Amino acid sequence: MAIKIVKNFFKRIFSGIFQNKKEVKLGFYGPPNAGKTSLANRICKDFTGEEIGSVSKIPHETREVQFKEKVEIEYKGKSLTFKMVDTPGIATKVDYEDFLKYKVNKKDAKIRAKEATQGIIESIRWLDDMDMVVVVLDATENPYNQVNITLIGNIVARKIPILIVANKSDLRKANVKKIEEAFPEYTVIGMSAKYGKNLEEFYEEVFKLSKKSK
Amino acid sequence: MVKKIQKQKRINGFAIRFMPYSEIKNLNSTQRIKKVLEIVFENYILILQGRLKPEEETRLIEDTMAMIGHVKNFKGIELAVISSDDKTSTIDRLRNRIAISLSGGDLGAVTIIGPASVVKEIKRDPKKIELMLNK
């Protein structure tokens, strides 16, 4: 018995010393179709060679929280290990008829809508577990959407460090400045997850922000 | 004649309910959300004096999602908050927060909540809010 206690004591001490660095839980949040999975895929592919999930033009493609553990990001000689958490897009309404426009049949559209509502609940519930959150917004859309404001207000209320990405900056309609004006208290990075534009600036900010994480 | 009736129906298709903050001030979060959703289920557009707490706003979204598919013809809500905190200087914001903590709620804010079957979209930019209704 005594040997076991001593053994466990040393095990705990040594695992504390030699254990890999703590994983930072990095959540990708935002409204549907903003490019959360595209951005998470881009990062995961760069550092692990694997993607995190599938992307589609049809809203609510991600309907379950999906994650990739032990993603080691190296930037300017520094390295941090992340647990990347890609979440379903948050919305205040889900109508199966909206999916019919994308030639999804009625039965599948209804299933998609049901899964989407469950995904939104799951997204919100995961928020408490995050060390840092990247809010991905579509730079071609109006940023003064209540979902964006509610989401950012909640992340701030939970004291989670936040970074805003104005995605799809490669598109002509994109207006990164409007997002900066809407959220002047936060760092906003205009980028294109699709083409990997401004990834360096993104990593720089993520590393800066990780120092503030709990 | 038919056209006239249809036009009348459209105008009668929605109703607005105003609610002073005093109605929810002493309720807990669960009761507040229940009260808000009950009004929305009756197809009213609710104009609430003040605003819900950030965690209540997300809870409202969660409960809304849980109701889709369980309440007939319910597709969700449209929500907008016009806050006195928007676009003000840091000093004004600080002053507002002191006023909020003294009065127990952000009375300068207005929350608009409507069922998605009635309210198609709430278009918002810093200077104006437009309520787009479904036909």
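The values are calculated or read from the model by the stated rules, or taken from the named source; none is laboratory data. Small disclaimer: the values here were computed from a predicted structure and weren't measured. Cβ placement follows ideal geometry from the backbone for every residue including glycine, while neighbour counts extend to all protein chains displayed. Quick note on the areas: whole protein, heavy atoms, side chains included, nothing else; ligands and nucleic acids left out. Shrake-Rupley method; radii C 1.70, N 1.55, O 1.52, S 1.80 Å.
Observations, loosely collected:
- Restricting attention to the range A:172-195, the residues being over 17 Å from A:GLU205 (Cα atoms) and open to solvent by 80 Å² or more (accessible area, probe 1.4 Å) number 6.
- Matching residues, the range B:43-69, being free of Cβ contacts under 8 Å to residues at least 24 places away in the same chain and more than 10 Å from chain A (Cβ to nearest Cβ): none
- Residue satisfying all of: in the range A:154-171; in a helix (DSSP H, G or I) and open to solvent by less than 50 Å² (accessible area, probe 1.4 Å); farthest from the other protein chains (Cβ to nearest Cβ) among these: A:ILE155
- Every residue from the range A:77-104 that is in contact (Cβ under 8 Å) with a residue 60 or more places away in the chain, over 21 Å from A:ASN145 (Cα atoms) and in contact with a strand residue (DSSP E or B) (Cβ under 8 Å, 6 or more places away or on another chain): A:LEU80, A:THR81, A:LYS83, A:VAL85
- Any hit, the range B:65-73, residues being assigned to a helix (DSSP H, G or I), modelled with pLDDT of 90 or more and open to solvent by 30 Å² or more (accessible area, probe 1.4 Å): yes
- Residues in the range A:58-110 that are aliphatic (A, V, I, L, M) and open to solvent by 80 Å² or more (accessible area, probe 1.4 Å): 0 in all.
- Verdict on B:ILE24 being outside any loop (DSSP other than H, G, I, E, B), open to solvent by less than 60 Å² (accessible area, probe 1.4 Å) and modelled with pLDDT of 95 or more: no
- Some residue of the range A:139-153 being more than 13 Å from chain B (Cβ to nearest Cβ), touching a Leu at 6+ places or on another chain (Cβ under 6 Å) and of a type in the set (A, V, I, L, M): no
- Some residue of the range A:122-138 being in a loop (DSSP other than H, G, I, E, B), open to solvent by 60 Å² or more (accessible area, probe 1.4 Å) and touching a residue at least 40 places away in the same chain (Cβ under 8 Å): no
- Condition met for B:ILE77 (within 28 Å of A:GLY119 (Cα to Cα), within 13 Å of chain A (Cβ to nearest Cβ) and at pLDDT 95 or above): yes
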